[in-house]
Amino acid sequence: MADKTAGATAGAAGRAPAADLPEMVRNVVLVGHSGAGKTTLVEALLAATGTISRTGRVEDGTTVSDFDEVEVRQQRSVNLTLAPLVHNGIKINLLDTPGYADFVGDLRAGLRAADAALFVVSATEGIDGLTKLLWEECASVSMPRAVVITKIDHQRADFDAVLTSCQSAFGDGVAPLYLPHDGGLIALLSQRFIDYSGGTPAVCDPSPDTLDTIEQYRGMLIEGIIQESEDESLMDRYLSGEEIDPKVLIEDLEKAVARGGFYPVLASGTGIGAQELLEIITQGFPSPPEHPLPEVTTIDGGPVRDLACDPDGPLVAEVVKTTSDPYVGRISLVRVFSGTLRPDMTVHVSGHGLADRGHEDHDVDERIGTLSSPLGKTQRFAGKCVAGDITAVAKLSRAETGDTLSDKERPLLMRSWTMPDPLLPVAIRAKSKADEDKLSQALARLVAEDPTLRLENNAETRQLVLWCMGEAHADVLLDRLAKRYGVEVERVDLRVPLRETFGGRCQAMGRNVKQTGGHGQYAICHLEVEPLPSGGGFEFVDKIVGGVVPRQFIPSVEKGVRTQMERGVLAGYPMVDVKVTLYDGKAHSVDSSDMAFQIAGSLALKEAAGKVATLLLEPVDEISVLVDDDYVGSVMSDLSSRRGRVLGTEPVGAGRTLVRAEVPELEITRYAIDLRSMSHGTGAFQRTFLRYEPLPGHLADKVVSAQHDD
C-alpha cells in the first residue's frame, strides 16, 4: 500500500509527535476482551516505529499503557490510555482500553475519542460475547473497524478457527488480508510471503504447498472488496476471469475500510505483523475530517450545524478522561473536534446531564494550562493541539470527564456519550475520624474522573453508597482511595430502605399526663388507625366534636403522629400508607400545650403498634434483563428463585431477548455480578422502583431481630 499523506513531526521517545493538519492524524481505539493482547500490541507498534527502544511486558509491569499501580499489581488494564506514535508521516493516537466489563466507562470514552476501532482477538481464546456486543455497537454508528488476531505464534494458537469465529460473529465483510505461515505472513493481494524468522522481514515467493490456501482466501478477499467497490463493472470483470490490478483492489479496499463497509483481518505475533498493521491504520482508517462529528448544540440546546474538523474553526473539544496525579494534580485527556487548543487560552467549560451521578451542571470559564502528549508516565510538552488530535491538559480544576471545552464567546455543548448505569451498590464507612475528614474530598475526585460511578449519601439508611459497575470496579475505587488519597475505608452490609405499616384497624390512646411542680403536661388523645392501599401515603382525619381537644392542639397531634411515623414503631423504618383519625381526647386549661399533644399523638401510635399486627414492607423493582437467547431459561429460573415474578419476554433483534420481572430489592443488590456470571458477560439489566410490598414473615423476623441486636 502506498502512503497518502505525510507531514507529522516524527516522535522520538523524548519529544511529543505533533500534527499540523487533521489529515495527518489517525485516532484508533483498541477493543477486545481482557487478555486478548491489546496492551502487548500497543508495545509492538511503539517499538516498530522507534517510539520506544524496547517492548515491555504486562507480567513485569513495564508496558507503556499499564503504568497505573493498580494495573501493575493486577496485570490488566483498568484505564483508558493514550499512546501516540508516527508512521510514514502520520500521527497515530492509539487508545488502549480495558477489556473487563467493569471498566466500560473508559471503553466508551475511547470509542468517543476515536475515528476507527481495532478489534483485538486472541488466536488462543477466540472472541467472547462482550466483544460481539461491542462490534454491534460500532456498527450502529458506522465506526470503521479492522480485526487483528494476536498470539499467532503461541503453541495453542488456531488462526483458522478464530478467523471462522470472527466471520460468524461479526458478519459479512470480514476477510483476512494476511495469513500466518511458518514464522511469517502471506500477503493475499500481492501473493508474497513475508518471512520474519530472521528478525528483519524478507519478502519472497510463498511455498508451493500454500498456493491452494492462498487461492481460496484470496478469492474470498477479492470478492469482498469488489462488493464494496464503487466501480460496479469490477464484479463482472472478475467473474469473467479478468485479473484485477492489485493497485485497484488496494484503492477500493482503503475506501471500503474508511467508510466502514469492509473489515480486514490481520495477524500479529512476537515481532510479526506490526508494519502491516501500521499500513492499514495509516492508509485504510479515516482521518478525523472523514469521520462525522458528534452532535453539538448551544448551551440552551439549540442546533449547531456549521462545524467541521477545521483547525481554524470555533473551538469544540471534549474531556474524554480525567485523572488525578498526586504530584501534578488533575490531568484531562482532551479530544479536539474543531478549532485549535493552545496553552494559556481561556475556554468555556460546560458540563450537563450527569447530575444524577454526582456531576452538577456547570458553565464556567477556565484557563488552559500546559499541553502535553502522554507516553505512559511521561508527559511530553506540546505547543498546540489542532482539530482531530488528542492532548493532555494540566490543572483544569472544574472540567470533568464528559465536559465540553469551547470558545468563551461562543459556548457550546457536545452530546454526551452513552454510559451504562452503575447497578452494584457498595456501602462503605471510614475506618477512623482522620479518614472521615478526608473521605469527602477524595470521593469528589473519583466522581470527577469516572462518570460510571454514582455516589449516594442515603439519608434514610445513613449509609454512604458507591454505585459501581461491578466487583472489580469497586475494588479499584477502594484501592485508589487508600493508595492515591490515603483514605482507608471498609465495606459494610448494605441496608435496603424498608417501610412499616399497620396490618389492620385498631383504636389506641395516647396519654401524656405529668405533674412536675409548676406547669405540668396534660394531653390525652384517642386515635383510630387503619392501613391504606399501597401508595396511599398518610391521611389524618379530625373528628373532634365539642372541643374536647382544643382546635389549636389538633395540628400538634398530627405533628406528633408524623414524627413517630418517620421513626417507625417496629424496626426503625418510616411508616407509610396509614390513615389516622382523631376522634376523642382531653385537655387541661393550664397544663395542655403544643408539645404535650405532640407527645400524646406519638404515644398513641406506639400503643396502636401493640394492638394490631405491624408489617415490614420491602421495595419491589421492575427489572428488564436483556440476554442472549441461550440464557433466557437460566435467567427466568434465577429470577423466580429471588422471589421474583416474571411478567413476560419479548425478542429484541437477532438472538436477544428482553425478560421483564418484578423482584424485591433485597434480592438484587448483587444482581450485577450474578447476571454477568450467568450470561458470560453478555447480559444487561435496568431497574425501576415499582412499589412496596409486605416482607415475608420469616424475613421480617430476621430484620427485627437484627435491629434489636444493634
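Applying the Karplus parametrisation 6.51 cos²θ - 1.76 cosθ + 1.60 with θ = phi - 60° to the phi angles of region 109-125, what ³J(HN,Hα) value in whole Hz is obtained for each residue in order, glycine and proline being reported as x?
Whole-Hz 3J(HN,Hα) from phi for region 109-125: 5, x, 5, 5, 7, 9, 10, 7, 10, 10, 7, 9, 10, 7, 6, 9, 10.
Tell me, what ³J(HN,Hα) does each residue in region 204-221 have, in order and in whole Hz, if you take phi through Karplus 6.51 cos²θ - 1.76 cosθ + 1.60 with θ = phi - 60° and put x for Gly and Pro?
So the J values, rounded to whole Hz, are 8, 6, x, 5, x, 6, 9, 5, 5, 5, 4, 4, 5, 6, 5, x, 4, 5.
Can you list residues from other chains, or at least 5 along the same chain, whose modelled amide H is less than 5 Å from the amide H of Arg26?
Amide H to amide H, under 5 Å and 5 or more residues apart or across chains, Arg26 pairs with Lys91, Ile92, Asn93.
Using volume of the Cα convex hull per residue in Å³ as the read-out, say which of [x] 207; [y] 306; [z] 243 was calculated from these coordinates.
From the options [x] 207; [y] 306; [z] 243, the structure gives [x].
Give me the net charge for the shell around Cys204: Cβ to Cβ below 9 angstrom, other residues only, Lys and Arg +1, Asp and Glu -1.
-1
Structure shown: which of Lys431/Lys483; Lys514/Lys611; Lys151/Lys255; Lys579/Lys606; Lys38/Lys431; Lys586/Lys606 lie over 26 Å apart, alpha-carbon to alpha-carbon?
Lys151/Lys255; Lys38/Lys431
Rolling a 1.4 angstrom probe over the protein chains, ignoring ligands and nucleic acids, what is the accessible area of Glu622 in square angstrom, nearest 10?
Counting only protein heavy atoms, the figure is 60 Å².
In terms of solvent-accessible area of protein heavy atoms at a 1.4 angstrom probe, what is the ranking of Glu360, Glu456, highest value first?
Solvent-accessible surface, decreasing: Glu360, Glu456.
Tell me the angle of helix 274-283 to the major Cα principal axis of the chain, expressed in degrees between 0 and 90 and rounded to the nearest ten.
Computed tilt is about 80 degrees.
For the chain, what is the calculated [θ] at 222 nm in deg cm²/dmol (nearest 500), taking -39500 (n - 2.57) for each run of four or more DSSP H residues and dividing by its residue count?
So the helix-based figure for the chain works out to -8500 deg cm²/dmol.
Tilt of helix 697-709 relative to the longest C-alpha principal axis of the chain, in degrees (0 to 90, nearest 10)?
Compared with the principal axis, the helix lies near 80 degrees.
When ligands, DNA and RNA are left out and all protein chains stay put, how many square angstrom of accessible area per residue does the chain have with a 1.4 Å probe?
43
Short version: ³J(HN,Hα) in whole Hz for each residue of region 446-455, in order, from phi by Karplus 6.51 cos²θ - 1.76 cosθ + 1.60 (θ = phi - 60°), x for Gly and Pro, what are they?
5, 5, 5, 7, 10, x, 8, 9, 10, 9
Under a 1.4 angstrom probe, counting protein chains only, how are Tyr238, Tyr178 ranked by accessible area, largest first?
Tyr238, Tyr178
At a 1.4 Å probe radius, carbon and sulfur cover how many percent of the accessible area of the chain?
C and S fraction of accessible area: 48 percent.
Does region 179-296 come out rounded, prolate or oblate by the C-alpha gyration tensor, with a ≥ b ≥ c the root eigenvalues, rounded set by a/c under 1.5 and, if not, prolate when a/b is larger than b/c and oblate if not?
oblate
What accessible area, in Å² to the nearest ten, does a 1.4 Å probe give for Lys395?
Taking all protein chains as shown, Lys395 has close to 140 Å².
How much solvent-accessible surface does Arg484 expose, in Å² to the nearest 10, with a 1.4 Å probe and all protein chains in place?
50
Against the longest principal axis of the chain, how steep is helix 246-258, in degrees 0 to 90 to the nearest 10, with axes from Cα atoms?
On a 0 to 90 degree scale, this one is about 10.
Determine the relative contact order of the chain: mean sequence separation of Cα pairs under 8 Å and six or more apart, normalised by residue count, in whole percent.
Rounded, it is 10 percent for the chain.
The values are calculated or read from the model by the stated rules, or taken from the named source; none is laboratory data. All values derive from a computational prediction rather than experimental measurement. In this analysis, Cβ positions are derived from the backbone assuming ideal geometry, glycine residues included, and neighbour counts consider all displayed protein chains. Only protein heavy atoms, including side chains, enter the accessible area calculation; ligands, DNA and RNA are left aside. Shrake-Rupley method; radii C 1.70, N 1.55, O 1.52, S 1.80 Å.
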